[in-house]
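Enquirer: Just dropping this structure here.
The values are calculated or read from the model by the stated rules, or taken from the named source; none is laboratory data. Predicted, not measured: the structure shown is a model, and the values here were computed from it. For neighbour counting, all protein chains shown are included, and Cβ atoms are generated from backbone atoms with ideal geometry for every residue, glycine included.
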Amino acid sequence: MSHHDVLIVGAGHAGAQAAIALRQAKFAGSIAIVGDESEPPYERPPLSKDYLAGDKPFERLLIRPPAFWEERGVTMLLGRRVTAVDAAAHAVTAGDRIGYGTLVWAAGGGPRSLVCSGHDVAGVHAIRTRADVDRLVGDLPATTRVVVIGGGYIGLEAAAVLTKLGKQVTVLEAQDRVLARVAGEALSHFYEGEHRAHGVDLRLGVTVDCIEQQDGRARGVRLDSGELLPCEMVIVGIGITPSVEPLLAAGAEGGNGVRVDGQCRTTLPDIFAIGDCALHANAFADGAEIRLESVQNANDMANAVARTLTGTATDYYAVPWFWSNQYDLRLQTVGLSLGHDRAILRGDPATRSFSLVYLQQGRVIALDCVNATRDYVQGRALVLNRAAPDPVRLADTGVVLKDL
Ligand code: FAD
């Protein structure tokens, strides 16, 4: 049985950053990353943006060049899936058994699939891995009409790219607005208008009955109303299920993710969890237990674990931030808007450059900034300090945020 001082499960953003940060902190022990994809760690955000559009080759998505891992003494065990964790024996099963001193679980999540007939026929795609997108792109030449199920960031980004590629795109959202889980109403309505202006057929408050097929390929999406939306391609973007089964089976606490403490320790000895799969009490969500699906969270949690393993432990405390590119709109968000009781508009959405500042009991908890990088950069301090500026000045674009 091979043995590594630190074994990282998942060769994604969090796993890669954990290894990078450990070496930066002069960790001298052996490190291995076991990942079930065949590629070395790469950036996932471009998968629904420039990589899907064909504007960025895969090599430019790599988090580090392949030689980096060898030079830093990080063993890559790719194309291997961990199926079981034996916490008492400090070993995992990934085909063979692999022993560890410390296990860092950074396995992210897998796309949730639809529960309806036709969900697994050819022409139905998810966007989570490079392989997913390569398959999807392979189907594009034979595709005129695309139905995107789910009006979250990934579905909307894909809709924007495919519209630009000349496809007829329909987006289906079960809620009464897009981005309902993550953004305030005004932002949702702005993006709904943008997509419609670009020719997307956006349907809100609709539910899917099934995916109709012909000869094993999707030929349309049937709504609960009975209407059939004919298409050659379906993209399902309805969120992820955290990949934590082996850990939960080994006895770790959790459910929707694996529960971790302030230093990303699970309830099992010498096992940490980071990134999309880590259920943690977040200071920017009033201490509520949440999972954050963002590069920021993956990297900052990885850094927190590296600090703990190199003797400089400090709790995970980082302002959440995120971005999304759709058409020529760059959205940058800072903080978490969930739970806001007031949203203040800075600027005019008609100019396609504006910000929404979210308040809770008069204090700034988050900003969504569309083509407004200055607000995003300066607004961070307002979120960090939970500032309580005068709402009239906050709405005044003549006042720069750093003066508040
Ligand atoms: P992942 O990057 O998903 O890595 C986990 C890895 O573990 C995967 O390779 C997985 O296959 C592997 N794995 C799972 N189970 C096992 C197992 N049992 N054994 C071995 N390996 C396993 N975030 C932003 O901040 N901004 C964006 O604009 C943005 N856009 C996105 C667009 C898309 C299309 C997607 C999919 C995500 C986007 N995200 C964005 C989210 C961001 O990519 C994730 O939050 C981030 O990748 C999380 O990192 P992670 O390491 O936790 O998980």
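Enquirer: What is the one condition in (1) in contact (Cβ under 8 Å) with a residue 40 or more places away in the chain; (2) farther than 30 Å from Ile235 by Cα that Ala89 does not satisfy?
Expert: The number of the failed condition is (1).
This table checks each residue for (1) under 24 Å from Ala250 (Cβ atoms); (2) among the aliphatic types (A, V, I, L, M); (3) free of Cβ contacts under 8 Å to residues at least 12 places away in the same chain.
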| residue | (1), (2), (3) |
| --- | --- |
| Ala53 | no, yes, no |
| Leu78 | yes, yes, no |
| Arg130 | no, no, no |
| Val147 | no, yes, no |
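This table checks each residue for (1) outside any strand (DSSP E or B); (2) more than 10 Å from the ligand (Cβ to nearest atom); (3) touching a Lys or Arg at 6+ places or on another chain (Cβ under 8 Å); (4) not hydroxyl-bearing (Ser, Thr, Tyr).
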| position | (1), (2), (3), (4) |
| --- | --- |
| Leu7 | no, yes, no, yes |
| Ala14 | yes, no, no, yes |
| Ala18 | yes, no, no, yes |
| Glu39 | yes, no, yes, yes |
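Enquirer: For Asn297, which of the numbered conditions (1) touching a Leu at 6+ places or on another chain (Cβ under 7 Å); (2) at negative phi fails to hold?
Expert: (1)
Enquirer: Tell me the strands (runs of 3 or more DSSP E) entirely within the stretch 205-246 that contain at least 1 residues that are within 16 Å of the ligand (Cβ to nearest atom) and touching a Cys at 6+ places or on another chain (Cβ under 9 Å).
Expert: Once the strands (runs of 3 or more DSSP E) in the stretch 205-246 are filtered for at least 1 residues that are within 16 Å of the ligand (Cβ to nearest atom) and touching a Cys at 6+ places or on another chain (Cβ under 9 Å), what remains is 240-242.
Enquirer: Okay, moving on. Collect the residues in the stretch 36-64 that are touching a Pro at 6+ places or on another chain (Cβ under 9 Å) and of a type outside the set (A, V, I, L, M, F, W, C), keeping them in residue-number order.
Expert: Pro40, Tyr51, Asp55, Lys56, Glu59, Arg60, Arg64
Enquirer: In the stretch 311-338, which residue that is hydroxyl-bearing (Ser, Thr, Tyr) and buried (at least 16 other Cβ atoms within 10 Å of the Cβ) is farthest from Leu187 (Cα to Cα)?
Expert: The qualifying residue farthest from Leu187 (Cα to Cα) is Tyr316.
Enquirer: What number goes with the only condition from (1) without any contact (Cβ under 8 Å) to a residue 60 or more places away in the chain; (2) closer than 30 Å to Ser355 by Cβ; (3) hydrophobic (A, V, I, L, M, F, W, C) that Leu187 does not pass?
Expert: (1)
Enquirer: Under 8 Å by Cβ, and 6 or more places apart or on different chains, what pairs join a residue from the stretch 341-354 that is part of a helix (DSSP H, G or I) with one that is buried (at least 18 other Cβ atoms within 10 Å of the Cβ)?
Expert: Sorted first by the residue in the stretch 341-354, then by its partner, the pairs are Pro349/Phe190; Pro349/Val370.
Enquirer: Now for a different question. Is it true that Arg386 is of a type in the set (Lys, Arg), more than 27 Å from Ile154 (Cβ to Cβ) and assigned to a loop (DSSP other than H, G, I, E, B)?
Expert: Values: of a type in the set (Lys, Arg): yes; more than 27 Å from Ile154 (Cβ to Cβ): yes; assigned to a loop (DSSP other than H, G, I, E, B): yes.
When the stated conditions are applied, Arg386 passes them.
Enquirer: If you don't mind, there's one more thing I want to ask. Can you name the number of the only condition in (1) within 24 Å of the chain's Cα centre (by Cα); (2) within 16 Å of the ligand (Cβ to nearest atom); (3) farther than 19 Å from Arg128 by Cβ that Ala160 fails?
Expert: Ala160 satisfies every listed condition except (3).
Enquirer: I've got another one for you. Select from the stretch 215-253 the residues that are in contact (Cβ under 8 Å) with a residue 24 or more places away in the chain, touching a Lys or Arg at 6+ places or on another chain (Cβ under 9 Å), over 30 Å from Asp276 (Cα atoms) and of a type in the set (A, V, I, L, M, F, W, C) and list them in ascending order.
Expert: If the condition is that a residue be in contact (Cβ under 8 Å) with a residue 24 or more places away in the chain, touching a Lys or Arg at 6+ places or on another chain (Cβ under 9 Å), over 30 Å from Asp276 (Cα atoms) and of a type in the set (A, V, I, L, M, F, W, C), then Leu223, Leu229, Cys231 are the ones that fit.
Enquirer: Just to verify a result, which residue in the stretch 269-316, among those that are of a type in the set (S, T, N, Q), near the ligand (Cβ under 8 Å from one of its atoms) and not in a loop (DSSP other than H, G, I, E, B), is farthest from Pro246 (Cα to Cα)?
Expert: Gln296
Enquirer: Okay, next question. Which count do you get for residues in the stretch 233-250 that are surrounded by fewer than 22 Cβ atoms within 10 Å (Cβ to Cβ), over 19 Å from Ala94 (Cβ atoms) and in contact with a Leu (Cβ under 9 Å, 6 or more places away or on another chain)?
Expert: 1
Enquirer: Here's a follow-up. Against the conditions (1) within 18 Å of the chain's Cα centre (by Cα); (2) part of a strand (DSSP E or B), where does Val357 fall short? Just the number, please.
Expert: Going through the list (1) within 18 Å of the chain's Cα centre (by Cα); (2) part of a strand (DSSP E or B), Val357 breaks only (1).
Enquirer: Looking only at the stretch 141-151, which residues are surrounded by 14 or more Cβ atoms within 10 Å (Cβ to Cβ) and over 24 Å from the mean Cα position of the chain (by Cα)?
Expert: Matches in the stretch 141-151: Thr143, Arg145.
Enquirer: Next question, about the same structure. Looking at the structure I just gave you, is Ile154 within 16 Å of Ala174 (Cβ to Cβ), out of contact with any Phe, Trp or Tyr (no Cβ under 6 Å at 6 or more places or on another chain) and away from the ligand (no atom under 12 Å from the Cβ)?
Expert: no
Enquirer: Can I ask one more? Would you check if there is a residue in the stretch 323-346 being of a type in the set (Gly, Ala, Ser) and at pLDDT below 95? Spell out how you get there, then give the answer.
Expert: Pass one, the stretch 323-346, residues of a type in the set (Gly, Ala, Ser): 324, 335, 337, 339, 343.
So of that shortlist, the ones also at pLDDT below 95 come out as 339.
Yes: the stretch 323-346 contains one or more residues that are of a type in the set (Gly, Ala, Ser) and at pLDDT below 95.
Enquirer: Being part of a strand (DSSP E or B) and either at pLDDT below 95 or within 16 Å of the ligand (Cβ to nearest atom) (or both) narrows it down to one residue among Val171, Val133; which is it?
Expert: Val171
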